[in-house]
Every structure is written in structure tokens, then in C-alpha cells.
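One structure below.
None of the figures in this text is laboratory data; all of them are computed from the coordinates on show. Keep in mind that what you see is a predicted model, and the values were worked out from it rather than measured. Here the Cβ is made from the backbone with ideal geometry for all residues, glycine too, and neighbour counts use every protein chain on show.
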There are 4 protein chains.
Amino acid sequence: MAGNTFGTLFKVTTWGESHGTGLGAVIDGCPPGIELTEEMIQAELERRRPGKGGATSPRKEPDRVRIMSGTFRPDDGGCELTTGTPISLVIMNKDAHSKSYNHLQNVFRPGHGDLTYQSKYGIRDHRGGGRASARETAARVAAGAVAGRLLAEYSMNVQAYTVALGGISADKRDLKVVSENRLFCPDSEAAARMEERIAEVRSLGDTLGGIVEIRAVCPPGLGEPVFDKLDGELARALMSIGAVKGVEIGAGFAAASMLGSENNDAISPAGFLGNNSGGILAGISSGEHLIIRVAVKPIPSIHKEQQTVNIDNEPVSIKVGGRHDISAIPRIIPVCEAMVRLTLADHLLRQLPILHVRETLRNHGV
Amino acid sequence: MAGNTFGTLFKVTTWGESHGTGLGAVIDGCPPGIELTEEMIQAELERRRPGKGGATSPRKEPDRVRIMSGTFRPDDGGCELTTGTPISLVIMNKDAHSKSYNHLQNVFRPGHGDLTYQSKYGIRDHRGGGRASARETAARVAAGAVAGRLLAEYSMNVQAYTVALGGISADKRDLKVVSENRLFCPDSEAAARMEERIAEVRSLGDTLGGIVEIRAVCPPGLGEPVFDKLDGELARALMSIGAVKGVEIGAGFAAASMLGSENNDAISPAGFLGNNSGGILAGISSGEHLIIRVAVKPIPSIHKEQQTVNIDNEPVSIKVGGRHDISAIPRIIPVCEAMVRLTLADHLLRQLPILHVRETLRNHGV
Amino acid sequence: MAGNTFGTLFKVTTWGESHGTGLGAVIDGCPPGIELTEEMIQAELERRRPGKGGATSPRKEPDRVRIMSGTFRPDDGGCELTTGTPISLVIMNKDAHSKSYNHLQNVFRPGHGDLTYQSKYGIRDHRGGGRASARETAARVAAGAVAGRLLAEYSMNVQAYTVALGGISADKRDLKVVSENRLFCPDSEAAARMEERIAEVRSLGDTLGGIVEIRAVCPPGLGEPVFDKLDGELARALMSIGAVKGVEIGAGFAAASMLGSENNDAISPAGFLGNNSGGILAGISSGEHLIIRVAVKPIPSIHKEQQTVNIDNEPVSIKVGGRHDISAIPRIIPVCEAMVRLTLADHLLRQLPILHVRETLRNHGV
Amino acid sequence: MAGNTFGTLFKVTTWGESHGTGLGAVIDGCPPGIELTEEMIQAELERRRPGKGGATSPRKEPDRVRIMSGTFRPDDGGCELTTGTPISLVIMNKDAHSKSYNHLQNVFRPGHGDLTYQSKYGIRDHRGGGRASARETAARVAAGAVAGRLLAEYSMNVQAYTVALGGISADKRDLKVVSENRLFCPDSEAAARMEERIAEVRSLGDTLGGIVEIRAVCPPGLGEPVFDKLDGELARALMSIGAVKGVEIGAGFAAASMLGSENNDAISPAGFLGNNSGGILAGISSGEHLIIRVAVKPIPSIHKEQQTVNIDNEPVSIKVGGRHDISAIPRIIPVCEAMVRLTLADHLLRQLPILHVRETLRNHGV
């Protein structure tokens, strides 16, 4: 029960189904005094919106976010600031073609949560996947935009990009070109081949997976041993995105076949001489860039006949229609960024009391 | 702050440093009436103990666990049962050669948490890695044994085994042979080659990483969308083990290059026809076996000269002596099992209220 | 930080300011399959609404609640049921005369949270008290109505009533008459005298406090020692209502001057022979009625000149105008009920896993 | 389930039964760098120890606390400092006459938790009340002493004292004399009469209740609206002590019969001109002294025949023998202080991120 809240101090609770009235997030624990407008949040939502990019679905949701509480303009002519009280964000659903899901009410689509939701709860809102829809991540992106505002005050930032799609890998990490192609790929040439692969697979009625890498600028000292280590928290945050089936930090799975002498990052007075650790040692950030990669599975809604069962456990075959993306990439990119931002904002706040007490003790001459 | 508690209902708090007085765990939320003796816990600890297996260190800790509270023998001649109150487990440290760490007090070992602990807290117990020592996991294994007692009542179980070590992969999953070799490998022939690789690398003063797979029998319905999904929780649990740098579920990273039609597990009236999902769909267990793999990095304590800095940020070179394992495998095997047990016990308890209410409503004719 | 969530399993997060866009609650952890409609929630909100009862303010808020998520009508013609996903409730603000608060922007009203909010956050939404407004409790009442739906399935219920107001005490506990007078007083004669007192004090521009008693039907076994005892949790829940300055259980403060032999409730095969314990022993419900009383302070907004300071710490005097109640009673009555319902729903869910495991063990013949 | 942890950031988990092996506390979240020795904790335990004061039992427990983890002496000759890792405290039980409880194994003592524990868990450690024993509070006092060390760095302190016992009230608040009488009463003359009353009631085989007041020096800004208000949190903390049946803040229940104009504390440039609020407005500390009073029920173990039932629900009469106090006062005094300290330490840490961010924003010129 009760799994819809994320974070200890920067706490986000999300709600909403794909074809319900709307969806939203409540952020409890955002510090006061930070400039925050609907436009700032909207800008992030635009990057996640359906209908953008060649791999995405044609559902046309305006995804207009509204700040319902938690900000205030204290002075005439001043800017909208957070007040320290809960920030409630609401996005109304508009373009929900619920009727087109009627035939799925009693059938469990392979690769989807239909069967597991039914089995857990004994009831489910089948329309568009209900709570299990990728649409749920709009609330995460909105909340992550608020977290990003806090991180910016501490010179922290987060960027995600596509490093593999449909079996094609990016060989370069040229972050300047990430915003120049619609797959957010740091290798323009690879991006072009990925687009070809998408077109090819679209014509087959099939879908594609890929790998997203996330890089973050993070000060040392974040992460709470032993269970709330920063890498564990990031893994949970990212694995809580529906399409993600694997997470690795720094060298990740490659470390499994390295020698200790290869994997250890030597240290010099100017900093670390490598980053196999992905910026985290013993669960605490080292000050190096955080490097995380996630495996994104292919979208399970395919235009091909599949074998499954209905609610009476009778065999049926289905061909999922509707408006679907070919790949969760690139729309998952801002979602990955959001989850990393939320994790870092929470761990930043968890570290601040330690910094404050250390400063206080220093002032006492301890 | 405050990262040493794991779980929402089956809650475990651990404490202790490698060379302090001892270490332990407090389990709050274990249901009453479950048989539990020190011997049951001790049996798990034996599997993790130093001095077992060719890849492990010669430190000789008896690792005797003592149950300090939370159990009671209500009847003369009956068995020791949990009472529902906190179960406190204590393991005293005996064979702690703290003095052998004096030369490391002001030096940061590469690949260890020395630098990050110092940077976070401004102080650290350097002896044997302090809280960041792998010795900390003894408390997890002890707590996991208690979780295992609860799981057994619900016919759940968890088994971990080595599927790669030092670049050598197990080709088979013959679980019968896992207990027959000291690397817990389900492929006897691969195990023999792994042992050779260990011997070779030991002579070089270097260390090895590998991959552990965990399989669990789990009923459908466990996991709490959207942030406390079962896969996310498992990822966090396993990534909170010091040596783990990657986690994948089911097909994991391989799913990134599959087509949707390949990756989707078809469903028949007799159950799923594949398990690329690793037993989890939309964050909820499906009833199939849970399949999880973790990447284990090579042990950072190597007998080779390494470049680093001291507490005054001056360049120094060190060669880490002391008693160290060549690989975290196989001692990490029971630790992985423990973390999965703790996660499943917690999520089992979180699902029980839903089952109870559903049953109550059925009885009301709803 | 992050104090706007209540509960461990039946988790409620509220948001909203008095004169912002609206307010609401997200309920995460309501079990699936429970009938829930907007009308059911609305009925509770009607009892709390301004403009009802002689002691209340003339602000005219329709307080229409909208269920944004978490319910679904699975069958044509069937009823709206909870799905186990978060239930988001929104109430829009309509009749917010923000301008009438402009003169209070830089002045701290005595007895209000103006000064403490400013001092904590360095910023505050001064309009109508912002987040500290009693209006915030509408969200609690809405969430409490959902909790009440769950409690009803377990034959639990909660009733609050006025036992003192303006120094006049109810001598009787005639619960049948509670709904017959607008002060929810179980003593009709006392209620009449309370109304007279209200009229008298209104003409003086002053306000009144009182005492509310809450009675709940509760099964044995609820409450989690040692820190989450049921009495402690109820105390926190009720003391978190702005106007409440004291909470007592059973005999309460009167127990302080009793002898042990007087205070102990003897036990017979038919049950307890008294209820000085208020239905809770060692933090666990006994099966007797829960009896709780709360002290309600007089409303701080009075039509009399008061001495205070402004934001520059200069002495000023103010006379608070606007639309205010004479007493928090009776509108606090449904708020008290809501907080007790939320507490009991949470503790009911926390006890269900124990019941489920005990049943499972019994079936195993343990 | 899982009710033995207190706090969000300064997190304390306690364990142990009255007649088990021992009891203890794990503190997770104590900041690093604070001087802490066993002697500092022992000093607080001495104040709570049985065998002190005329109203207390003759059980002779040395109550020696041992710090098992979380402190370190970084420099030769320096002092023992906290490291930021969990502080585990253990107190072994020595003088446990378990056999003397054999006759109570199947009988439920009135006023105790025997019946409710049995009903909740289906099993209980009956010896000395098991987990429900007042002995459990030794762990709270030990943990509270650690909290006190943190508070001292922020110039905060907490003092509790007896303001009523056996119907006799202290008329004065002469805090200088509190340590001069063994009832910790701020009115020497009243203390003498209380002692007479104790002697009288002891000869009757009966027991007494009373009222304890707690005063704390606390900076403004602590407390987290709307559910984690400081007054609510204090109420929960104190009501979680077994003998406490009521809590009030500032004017408390007396406020219920005041007018608003009497109850409001006017404000001047030099501060508040009264303290009916008890130092808390809208759930946030105002900077005035916190003033809290708790109602302490008479000890239920009396040397008089009482009517009750056994485990088969048959009527029996019992006369509780053994070693018991006449009143929970004065031994409850350090327990009340401990719970207030734990609450304030937690809320201090929860406010520090806000202070840190506000300072950071100021430095950015916001």
C-alpha cells in the first residue's frame, strides 16, 4: 500500500490515471523563497509531450500545468516565489479516447500491467492502462521541474541523452548536439541511423528499446549509508519508470569483468583520474559527475497478433491498436532527468542539516 | 541523514563499524507467532563468514549472533516464537586488528568510501573502513534470515548464485549444483575455471568482479506503484550493497536491443510463456519467478601500488595490505539473498491489508 | 520540512491556502473495491461549511469536492469503486476576498500563525492566514470521509460532540440529541445556554473556546507500541488541528488525582467494568469505546483593539475585521471526527497484516 | 506494525523487554562531530533509575549503558565524537526476577497492557509486563541524552518538574528548588506534603497519579505544518509514555473557558506579552518558552484485591505483588524530558535545510 510518494524531505506524491479527469503531483518540502512559475514547469512538460519526435504517438494533449498552491508573489511587481507550503500541480486530461479501450476491458495485454493490476487489486481502470500508463510520468516531469529549480541554486544540473536505440549505439558523447536531434542523441550520425531503424520497425508494427545515459553535476557528500545510498536511491528512482529494466552506475556491468587495478579510480590533488565509480563511492557522491545508464524495454503495445488470456483465463489473441509510440525513447528522456532531479533534491536537503551542524560546531571552536 | 533503516512495515535498522564493539540489527515489524532461534540465524551467517571459500579473507570472526529481544517461549517445552515486538540482534567483534589500519588514518584508498565519508561527515572511523566495511553486511544477513522465516510461511523463497566471475560466465543454470561448489555457481565446469582465475589473480595481487543472479518464488500482487514498484525496491535493496554497480530485472539490458514482439511474454491459461519481464509487470509481481542480476565490482583493496591523496590533499601512493578477499563473490551471495528477502517480506506485509480488505468485502457480498 | 502527510499506510497529503486557487487532499493507500462517490464526501463537507450554525462566519464557499482519480465504475450500471490507486480530491476556492487582507500583509495578528510562519519561512501568504487558515481543514474532512468508508466495512464509527462551550458544560451524554441542535451538544438544555453565551460574546466582539469529546467504536488490537501507540497517534492527529491546545484520553487529567484502585478498570468475562482508560491500554485499543476530549481555544480573530508589531518590529495596534466565527465549535466537530477516522483507518490497516499472518499460521497448525 | 521508531531525521528505534536479555536504542541521524561519552548518557539514566526517591520501587538495576557504535576518537588524547553513523546503545538486564511473574502468565492485570497485547499479538512476554513495562523508558532516556547533546549546541534545553501529585498542587514555579527535593517539585512546601501523601497511600497498598510540566528553551521556527505541527508532535511523544493520559500546551484546557481577548498573547517589539500559547502558534515555535503539561495516571500495580479474567476469560481476582513504585512520578520526569528532547532534536534538524537554503538564497542576492 501507499507507494505513490517519493522522497524523505523533498517529498512528491503523484496521482492520476491515463483517462481519468487529470493527473498531478503534490510537492511537500520544497524550501521557501525559490522563484517558480507555471511557465518554468511547462517548459519541461513540452519536452515530454506526445506528438513530438518521430518515435512518438499522435495523442494531442496540451498538458497545461496549473500551480494550485504553494507559491505567492509577496511584492507588487516581484516574482512568484515558493512559500514552503505544499505545491500542488494539476494537469487536466483532454484528448482521452476512452471508448477505444472498451475491447480491452477484459483482456490482459502482454507486457503491460493489466494482469498484475487486476491480480493485486481485484479491479482496474483499463482505459489506456489507467495508473500504469506512461502518461503518469507527466506528473513526475512537472515535479522534477520544481526540483530542478532548487538544484540550480546549488549549481547542480542533470542531463539525459540516448546512447542506444534499436541496437544502434552512440559512439560519441558530444553533449552539444543532444538538443539538435529529436532523439536527444549525443552522436548525430548514430541519431540518423536510429531514425532509419524507427521508420523500418514502424512499418513492421513493432517497437524498439534502447539505453539512456544520465549525467549530473553534484557536490560531494550526498547519499545516506547504508540503505539510502545515492546509487541505490537513483536505481530505485529510475527503475520506478515503467519501461526501465536495468540500471547501472559508472562502469556498471562492465566492472564485473574488470580487475580491481583497472576499476579503481586513482586520486590526485586535482581530483579523481577516472570515473568508473560514476561519481559515487560507498553510496556517497564524490564530486565527480554522476553517470547512470538505464535499459529501456521496447514498448509492449505492438500492432501484431499476440497470444494472451481474458479475465476468465480463456486464451485469446489481440492486436493492440490505438495511438502508441515506437519507442519510449525519446519521451522518457525528460522523465529520467526528472527522477534524478527528485532524488538529488531530496538528498541535497538531507545533507544540509549535517552541513549546518558542522558549521555551527566550527563556530563554537569545536 | 538517517539512511540506516530499510522497509516500511518489515523495518530493519542496522548499526556498527568494522572495528568497533560490534554490529547488529533491530527488526521492527516481524509478525508474532513465527518460530525463530539463534541457530536459524546463525546458519545464514555461516554462509557469509570470512575464511570460507577460495576467494575470501582469512579474518576469523566467529560471528555469533545473539537475539536480545522480541522472542519468547510461551509454553514449557514449546519453541521460541516471535512476539511482534522488536527483534534486536547483536554480533560482537572479536578479531579486529585495528592497529593494522593506523597508517590509513589519513590516506584515502582508491575505490573505497574513505574520501566520501570524510567529505560528508568531516570525521570517519578509518579502521577497516568503519561503517563502509563489507562487514556491515553481516547484520543484513542476520536480519534477512528473520525475513526468510516469514517468507517460508507464505511458500516464498530466494536463491542467489554466481553467473559470472572474472570474465568467465556460467552457461548453465543447474541449481542443484549451486551448493556443491564453493562459488555457488550453477555450472560446475565454469566454477572450476573461475577458481583457476581466482588463483591466477591472487598471485598478481589483484582482484575480480562478477555477476550474481537471484531467483525468487513470489506470489502475484507484490509491489506498490508507482514509486515503490517491486523492481525499483529490489534495485535499491541490491544497489545498497557496497560492491554492486548495476541491477537488471529479467531480460534487463538485453531488452534494450529487442523488438517489442520478442520482449513481450505471451500469456496462456497455464501462465506466462516466457519471463523476459523477470516476474514483474508495471512494478507488481506476476507470479512468475523473480529474476534479478547484479554487477559486482572487483574488491578495491589490491596489493598493488596506487596513486591517491592524503587528508591534506597531498599526493601519496599506497599499497593496501591486510586481510582481503579476491572477490566479493561468493560472500556476497547470502547478502544478495538477504536484501531480496527483506524487500519481499516488506512488500508481502504491504499487500496483506489489501488481501484482508478484499476478503472482508467479499464476505459482505460486495 | 515535509509535514503535510498523515499516516503510514492510509496516507493523506493535503495542500492549499485559504485564498489560493483551491485546496485538496491526495489519499494514497485506500484499499480497492470500496464504494465511494463525490456525494458521500460532500455530505461530510456540508457539516463543516461556513455559514452554518450560530457561531460561524458568513463566508459563502460552496465547497464542492471533485474526485480527480482513484475511483472507477467497472460495470455498466454498477457503482463507483476505489481502485487502490491515489484518490485526489480538489475543492476550488470561490468566495475569497483577498483584498480585504491587504492591510494585514505586514502586521502579525496575535494568536495567529502570522509571526511564526514569517519567522520560519521568511515569506508567507498573508491572505486569510494562508496555509494556517482553518479553511485548510476542509481537505481533512474530505479525506476523513474516505477513511470513514473503510471503517464502516469493519463496523467502526466515530462521533464528536460539544461538551463545553464558553464555560458552560454539558452534564449529559444524550447522543440522540446531538444532531438536533446546531452546536452538536448531547445536552439540549446546555446547548440553549451555550447559544445565549455566543450571542452575548458576539455583541462584545469577542470569541469563545470549548471542549469537544470524541467517541469511537473500535475493535481491540489497534495501535503500535511503543512510539505509535494509539493514544499518542490520536493526540497528534487532534493537536494538529489549529485551535486544539489539549488532548486527554478516558479519565485524562482527572486521573492525575485518582488512586490506582479508583482509576483501574476492573475486568469481567463480559468486558471491562469501567472505561477510565478511554478504550486504550498500553497504547493498544481494548475493544471498549475510545473516549477522547480536546480543548479548543477561542478564535484569535476578535473585533477588539490588540497590541502587536509589524514586519519591522514596530508596535502597532490592530482590530481584526473580516468574516469570522465566534467559536471554532461547532465547525471543528467534523474536523475532529475526520482526524480520528484518519488515525483509525491507518491503524486498522497496520493491524491487518498481523491478523493475516496469525490466520495463516493457524491454518498451518502452528 | 513497526511502531518502535521515533523521528524523521533524528530517528530513534528502541527494543527490549523488562525481563529479557536487555534493552537498547539505535539513534540514526545524529549529526557528526558532537562530543558524546557513556558517562554523559549514564548521568541521565541515573535520574530515572529504580531505587531512587520515596515513591520508587526497590528493583536494583545498575542500568549501565554501553555505546556499541557511532562514536570515534579521531585524535590521540582528543574526545569521543559522534561520526554520523548509527549510535547503538545497550543496557543489559541484571536484576530480573522473572519467576515472580509466573502466576501472572495467564491472568490479565487491570490497568495494564496484558489483555491488549494478548489480543493484538496472540502471544506476549508476560514477565514484568514485557515490552509494555516502564523499564522500556530507560532506552528513551538514553537516547534523549544524545538528543540533549545536539540541542545544547543550539542553546536549547528542556526541564521537567512535578506540579501535582496525589491531588496536591505546586503553587510556585521556583525552578531553583527542583533539584533540591526528590520529587523534582518547584515548590518545596508542596513537595513535603506530597511526600506525606505518598507515605499514607503506600500504607494503603494503593498508588498515585500527578501532573508533570515541561519547559523548553526553543528558537522560533520549529514545527512542520500542517500535520507535523510542533504541538502535535510533542503530544504524541509524551502520550507515547505509558502512564500519560493527557497533554496540554500553554493554557491548555483552561483556554476552553477563556475569551479570545484573554487568551491571545499580545506582541510587543520586545516579544510576546504572555504565553498562553505555550510557545507555539499554528504549530510553529514562537521563540517563547515551550510549556507543556502531562497527566500521569496512578500506577496500576496495587496491593489490593482486583477483579479480572484469565486467558480463558474466567473471572479471577488478583493482588499484584512484586516491586512497584507508588507513583510514576518522579521517575517519569527524565522520561518526559527525553521525549521532548527527541522531538526538538528531530524538528531542529528538519528546520536546518530551510535555514541553509534561505542563507544560500540571500548570498545569491535573492
Ellipsoid semi-axes in whole angstrom, largest first, where each is sqrt(5λ) of the Cα gyration tensor of the range B:5-363: 35, 27, 19
Most mobile of C:269, C:220, C:330 in a GNM of chain C (Cα contacts under 10 Å): C:269
Hits among aspartates and glutamates - C-alpha to C-alpha of residue B:176 under 14 Å, sequence gap 8 or more where chains match: B:187, B:189
Label point 7 Å beyond Cα along the C-beta direction, distances from residue A:196 to other copies (nm, shortest first): 4.3, 9.5, 10.4
Long-range amide H partners of residue D:22 with built H, under 5 Å: D:17, D:93
On Cα atoms only, tilt of D:188-203 relative to the major axis of chain D in degrees: 30 degrees
3J(HN,Hα) from dihedral phi, the range A:174-185, Karplus parametrisation 6.51/-1.76/1.60, rounded to Hz, x for glycine, proline: 8, 5, 5, 8, 3, 7, 8, 10, 7, 9, 6, 9
Likely footprinting exposure, C:126, C:324, A:112, fewest C-beta neighbours within 10 Å first: C:324, A:112, C:126
Highest-fluctuation residue, A:327, A:169, A:179 considered, GNM on chain A with Cα pairs under 10 Å: A:179
59 Å tail of the calculated P(r), the protein assembly as shown, as % of Cα pairs: 14 percent
Using θ = phi - 60° and Karplus 6.51 cos²θ - 1.76 cosθ + 1.60, couplings along the range A:300-308 (whole Hz; Gly, Pro as x): x, 7, 10, 8, 10, 5, 10, 8, 7
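Find, among the GluC sites (Glu not before Pro) in the range A:270-366, those assigned to loop by DSSP (not H, G, I, E, B) with at most 14 other beta-carbon atoms within 10 angstrom.
For GluC sites (Glu not before Pro) across the range A:270-366 that sit outside H, G, I, E and B with at most 14 neighbouring Cβ atoms in 10 Å, the list reads A:305.
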Within straight-line cross-link reach of residue C:319, aspartates and glutamates at Cα separation under 20 Å, skipping those fewer than 8 residues along the same chain: C:114, C:125, C:200, C:206, C:305, D:262, D:265
For residue A:157, label point 7 Å along C-beta direction: distances to other copies, nm: 5.0, 5.4, 6.1
Residue among A:355, A:238, A:290 with the largest mean-square fluctuation in a Gaussian network model of chain A, springs linking Cα atoms under 10 Å: A:355
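I need the trypsin sites (Lys or Arg not before Pro) found in the range A:266-337, filtered to DSSP loop residues with at most 14 other beta carbons within 10 Å of theirs. Present the calculation step by step, with values, prior to reporting the outcome.
Values: sites: A:293, A:304, A:319, A:323, A:331; in loops: A:304, A:319, A:323, A:331.
Sites meeting the loop and neighbour criteria: A:319.
Taking only C-alpha pairs under 8 Å that are 6+ residues apart, what is the relative contact order of chain D in percent? Numbers along the way, then the final one.
On the way: 754 pairs, mean separation 76.7, N = 366.
About 21 percent, as a whole number.
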Rounded to 10°, Cα long-axis angle of helix C:230-239 versus longest principal axis of chain C: 20 degrees
Tensor-based shape of the range D:73-219 (alpha-carbon gyration tensor, a/c under 1.5 rounded, otherwise prolate or oblate): oblate
Label 7 Å beyond Cα on the Cβ vector: residue D:363 copy-to-copy distances, nm: 1.3, 5.9, 6.0
Fewest-first sequence of A:240, C:69 by Cβ atoms within 10 Å of each Cβ: A:240, C:69
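Which of the pairs A:11/C:94; C:120/C:304; B:11/B:172; D:229/D:297; B:120/B:297; A:11/C:229 have their Cα atoms more than 32 Å apart in this structure?
On the way: A:11/C:94 28 Å; C:120/C:304 28 Å; B:11/B:172 36 Å; D:229/D:297 26 Å; B:120/B:297 23 Å; A:11/C:229 25 Å.
Going by Cα-Cα distance, B:11/B:172 fall outside the 32 Å limit.
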Cα-based shape type of the range C:130-215, given that a ≥ b ≥ c are square roots of the gyration tensor eigenvalues and the cut on a/c is 1.5: oblate
HN-Hα J in Hz across the range B:246-253 - Karplus 6.51, -1.76, 1.60, θ = phi - 60°, x for Gly and Pro: x, 9, 9, 10, x, 5, x, 4
Inter-chain shielding of D:201-208 (mean C-beta neighbours from other protein chains, 10 Å cut-off): 3
